[in-house]
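Q: Got a structure here, written out as structure tokens. Questions coming.
The values are calculated or read from the model by the stated rules, or taken from the named source; none is laboratory data. Fair warning: this is a prediction, and the values are worked out from it, not measured in the lab. Note that each Cβ is placed from the backbone with ideal geometry, even for glycine, and that neighbours are counted across all protein chains shown.
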Amino acid sequence: MLTLLNRWRSQPGGATNAAAFIRVLESPKSSVSDKVLVLRAFNDWDVLVNTWFEVADALPAVEKLLDVSTFPEHSSAALLVSKVYFCLEQYDRALEFALRGDFNVVPAPRKGLGNDAEYVNKVIETAIDTYKAMSQQNMMPPQQLRDLIDKIVSRNLDKKEIWYVISLGFETRNLEMISRAIGAMPADLNIKNQTTLVETLNRVVNGAFDRSFRFQVIDIVISTYLMCPSPDMSKICECYVLTDNADSAADTILSLIKRTLLTRAFQIAFDLYETASQGFLDRVLKKLHEQETSDAKAMEKIDSILKGHETVKAYLDFYVRHNHTDTVLMEEIKENIRTASAHNALLISNGLMQYGTTCDDFLRNNLTWVSKATNWNKFNAVASLGLIHHGQEASAMKVLDPYLPKESVEGFGFKEGGAMLAYGLIHAKHGDATAMSTLAQWLRTADNEPVRHGACLGFGVAGLGSSSMSGYEKVREVLQRDEAVSGESAGIAMGLIMAGNLNQEVFNELKQYTVDTQHDKTQRGIRTGLACAAFGLQGDAEPYIQEAISAKSNPMLRSTGICMLSMAYAGTGSPEVVRRLLEKVATDPNLDVKRYATIGIGFVLSKDPTTCLSYVSMLTEHFNGHVRYGAAMALGIACAATGNMEAIALIEPMISDKEGFVRKGALLSLALIMCQQTDYTCPKVNGFRKQLLKKVGEKNEDSLVKFGAIIAQGLLDIGGQNAAVTMHNSDGQPDMGSMVGMMCFLHGWFWHSMHFFVALAAKPSCLVLVNENLKIPVMEYTCHANSQKFAYPPRAESKKDKDVKKIETVVLSITGKKNALKKAAAAEEKRRREAAFNALSAHLTPALSSSSTSSTGTAASASGATTASAPAAAAAAAPASSSSTATTTTATTASAAPTTATMPAEDEKMEVDQPGKMPKKEKAPEKDNKPLHRLQNPARVIPAQRQLLSITDLKSYFPMKPLYKGGIIVADRVDKEREEKLVSEVVSQVTAPVITGGSSTECKPHSTFEINLGDY
């Protein structure tokens, strides 16, 4: 048999017509040895390439051999069947039989017609796809498949294809595979290994992975990454924040201080303050205080940074320095206000516009108008001062002293309650021990409902994310009083304090109170509070979410579960969570559940606006108004500050929706999307601004829509047009303050005072570079774009400045004749005087040209000289002439002056009209066409502008992180011998000239004043 096979294989043209050998496989009388020889021959690709279609007819016979236990070549039979199925393009069957044979993941060398590599690679590809699919469905792959995957991993690790194995581990959620790949790295990590580790961290941090899986991967990677020659410590501390590892973050800062890498340590401290919760920062500070270091000054600076003093000071300085609020626009809106709700909206909107600027000019200039506020409008009027003076923590009591309770509360306590909320907003996300003890004292002594309401909200926003059980218990006492208004604020405040730290005890307590209380307001407050507490927990919050959603007879609990689901997976982009939310939109009969489920899609997909558009686009035309409102807000949240034109196109038709609350939602959503946009980044922004002002002035428009239009104006210009509402921090991670603030802002559907909380999501559009002493140096950035592309929007025009359309009056015939005679006489007089003046100029020309320079003489001899040019020419010629000529020129000029002065006003106007066209030419000066422009530190840099920035003088400072991340960046001085100039601090009441060379001076923080609300 072997001789026949060799002759057959060596015949000219290769092996063909395999019928005889196939009969050997099919015949039961053939010996086992012959069948083995034939199988081995057919397994050679040189033979199979020409005969596979013949062997395919004999597959049943070959498969029967696999069932014979005594057959010695099961592996050869299985591989032959696998190869034939590969030729038939039935790859799943090919994999099935390859697993039963001795499949080699390393292809055989190519010879002749056969190519084993194609077969091997296709089987490997099918095996990996099958393994991924089974892993994603939480199915255990068979042992044979797992063994094959192990062989594939070993082959790649031998070839040093580590990233391939890590990627496979991510796709299959195989922690052991990732650990094996990282462990295979050499002891001496090179640049390629370091890049692989950084990419692994980026993948696990930004990907939609389970929380526990993410934490385990980070722990594995960090332990190896720390051994790199120059690890990115900022990235490491970002991971520590995600894993809630405060001790390791503190140890990292201490190690950098010991290595005298102070600027790097300061940068990490700034990043921690931006991204971590108050509870995390408190644990870091506690660990730092327990350690002893030789550099006490550096530790003092680290302590100041982590407590937020430096960040708050720098941002306050930026807001005050660059305030660009349009006061004319505020006055225009005020003139169109006729209702209490619009009055209330403008007070809130003014607070948002002046957020952090300390500029309360609008309130000062309209004290009589502001004093008309009554009841809760009075509460909001005082509370808005908290937004205006946000960051002025040292002088907070001085600013609010006129409104805080003295010996007793005046009236119903609306003014005092608003002041307490304002105090909390000044310390938002930064409640130190003094602020929290002050708020706790007010909370304990409050004797009426508005005061308790303001104290609860202020306590909650100041202690956001602190996870303080003592603070939680203090607010719980207010909840247990069973009052509607204060119960609502208590439920929200408890959630704010426990943000991102929900536990079984807190959930059970608040859930039970939701069931027991009869107050709808309290139930809604607890719903928002639980949603805030569930932020970022992902799978850890599933038991609580399932328990709430499964309450079929209680729609309030179901909507609570939906809000918790949205916040727990905020920014993860999980398609499974989106599917669950869409299911509730379609099946749940409760309107609140439908609305919150639709909005929840925006929270979950906030990092991926394109995907959010694909899910929500159909819902914008839903028959249910609450779903349409939710779709608008979902797009606003997901596309905030992006200027996404596709989202704008979907929302714009909703401005004319039949439902008033849908129109309001559309306006708010568009304002969120167009925040910090210019005509260059979003061409529709100026038209939208005009539309908002038009909505406010329309007499027949719903008051709810007007309320939304005014609030939308505040969102557009938040922070003096120097901030943007964004859901993520500079590292791209979901920001707790932003997500929680937006959830509270959505509570404004039920309670107007909650609109203030959107300021928690406002991030300053700034770039502040500080030196190793945490001072702001004088330096320049270069923006590689035209200056007009990112400029402030044009200011609104006042009605007084607009041209009034003249009405044509009726003129009698006799009057027309008299006017025509007057015009003819005036024209004749003008012609006569011009002729006399030209004659005088011609007479003076020889005298002037004889004693002046050639250039002056040429100018004076111009025949077309005007009234204005003659004195100028004489004055230019005078210094160069002799004494006699000077006398003559002076006399001539003096004699010409009366002639000019005696001309009528009409003639003067005609003479000035000619150069009056100059301002039109200044509208497009040459400098505006330059491809780049310079910015001074600290600079206003909107998100779309960050990628275009660079430091002008590269020899001045070296930043610790890329400029495109914005915020506060610590930098090392490159040339330490060069003199360093510092920017004067606005916050320290030092008035300095503008660095850009302008003639104006910088603003100073405003002093306190009192709104006379006590008489109402």
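Q: Can you name the residue in segment 224-254 that is polar (S, T, N, Q) and over 26 Å from VAL768 (Cα atoms) and, of all such residues, is modelled with the lowest pLDDT?
A: So the first thing to find is which residues in segment 224-254 are polar (S, T, N, Q), and the list is 224, 230, 234, 243, 245, 248, 252.
Narrowing further to those that are over 26 Å from VAL768 (Cα atoms): 224, 243, 245, 248.
Details: THR224: 84, THR243: 87, ASN245: 88, SER248: 89.
Among residues in segment 224-254 that are polar (S, T, N, Q) and over 26 Å from VAL768 (Cα atoms), the one modelled with the lowest pLDDT is THR224.
Quick grid of which residues meet (1) acidic (Asp, Glu); (2) within 30 Å of LEU168 (Cα to Cα):
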{"site": "VAL36", "(1), (2)": "no, no"}
{"site": "LEU48", "(1), (2)": "no, no"}
{"site": "ASP57", "(1), (2)": "yes, no"}
{"site": "PRO72", "(1), (2)": "no, no"}
{"site": "PHE103", "(1), (2)": "no, yes"}
{"site": "MET140", "(1), (2)": "no, yes"}
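Q: Just one of HIS626, HIS622 is touching a Lys or Arg at 6+ places or on another chain (Cβ under 6 Å) and either surrounded by 20 or more Cβ atoms within 10 Å (Cβ to Cβ) or of a type in the set (A, V, I, L, M, F, W, C) (or both); which is it?
A: Only one candidate passes the filter, namely HIS626.
Q: Then there's this: How many residues, within segment 207-240, are without any contact (Cβ under 8 Å) to a residue 40 or more places away in the chain and under 25 Å from the mean Cα position of the chain (by Cα)?
A: So the count comes out to 12.
Q: Look at LEU425 and say whether it is more than 21 Å from ALA490 (Cα to Cα) and within 29 Å of the chain's Cα centre (by Cα). Give the derivation first.
A: Numbers: more than 21 Å from ALA490 (Cα to Cα): no; within 29 Å of the chain's Cα centre (by Cα): yes.
Considered against the rule, which asks whether it is more than 21 Å from ALA490 (Cα to Cα) and within 29 Å of the chain's Cα centre (by Cα), LEU425 comes out as no.
Q: Residue check: is ARG283 surrounded by fewer than 18 Cβ atoms within 10 Å (Cβ to Cβ), basic (Lys, Arg) and not assigned by TED's automatic domain parsing to the domain that holds VAL770? Can you show your working first?
A: On the way: surrounded by fewer than 18 Cβ atoms within 10 Å (Cβ to Cβ): no; basic (Lys, Arg): yes; not assigned by TED's automatic domain parsing to the domain that holds VAL770: yes.
Answer is no for this residue.
Q: Still on this structure, I have one more. I'd like the full set of residues that are within 26 Å of the chain's Cα centre (by Cα) and surrounded by 24 or more Cβ atoms within 10 Å (Cβ to Cβ), limited to segment 466-517. Step through it out loud before you land on a result.
A: Applying the first criterion (within 26 Å of the chain's Cα centre (by Cα)) to segment 466-517 yields 466-467, 492-493, 495-502.
Selection gives SER466, ILE492, ALA493, GLY495, LEU496, ILE497, MET498, ALA499, LEU502.
Q: Listed residues THR126, THR70; which is assigned to a helix (DSSP H, G or I), β-branched (Val, Ile, Thr) and assigned by TED's automatic domain parsing to the domain that holds VAL153? Explain how you work it out, then say what you get.
A: On the way: THR70 fails: assigned to a helix (DSSP H, G or I).
None of the others qualify; the one that does is THR126.
Q: Just checking, which of ILE348, ILE337, ILE333 is hydrophobic (A, V, I, L, M, F, W, C), in contact (Cβ under 8 Å) with a residue 24 or more places away in the chain and not in a helix (DSSP H, G or I)? Lay out the reasoning, then the answer.
A: On the way: ILE348 fails: not in a helix (DSSP H, G or I); ILE333 fails: not in a helix (DSSP H, G or I).
Residue meeting the stated conditions: ILE337.
Q: Let me ask you something else. Of the conditions (1) touching a Pro at 6+ places or on another chain (Cβ under 6 Å); (2) surrounded by fewer than 24 Cβ atoms within 10 Å (Cβ to Cβ), SER730 clears all except one; give me its number.
A: The number of the failed condition is (1).
Q: Could you check segment 551-577 and list, in sequence order, the residues that are more than 23 Å from GLN137 (Cα to Cα) and without any contact (Cβ under 8 Å) to a residue 12 or more places away in the chain?
A: Residues satisfying the conditions are ALA551, LYS552, SER553.
Q: Further question on the same structure: Of the conditions (1) within 20 Å of SER753 (Cα to Cα); (2) of a type outside the set (Asp, Glu); (3) crowded, with 24+ Cβ neighbours inside 10 Å, THR374 fails just one. Which one is it?
A: In the conditions (1) within 20 Å of SER753 (Cα to Cα); (2) of a type outside the set (Asp, Glu); (3) crowded, with 24+ Cβ neighbours inside 10 Å, THR374 misses (3) alone.
Q: Another question, then. Can you tell me which residues in segment 518-536 are surrounded by fewer than 20 Cβ atoms within 10 Å (Cβ to Cβ) and touching a Gly at 6+ places or on another chain (Cβ under 9 Å)? Steps first, answer last, please.
A: Restricting attention to segment 518-536, the residues satisfying the condition of being surrounded by fewer than 20 Cβ atoms within 10 Å (Cβ to Cβ) are 518-521.
HIS519, LYS521, listed by residue number.
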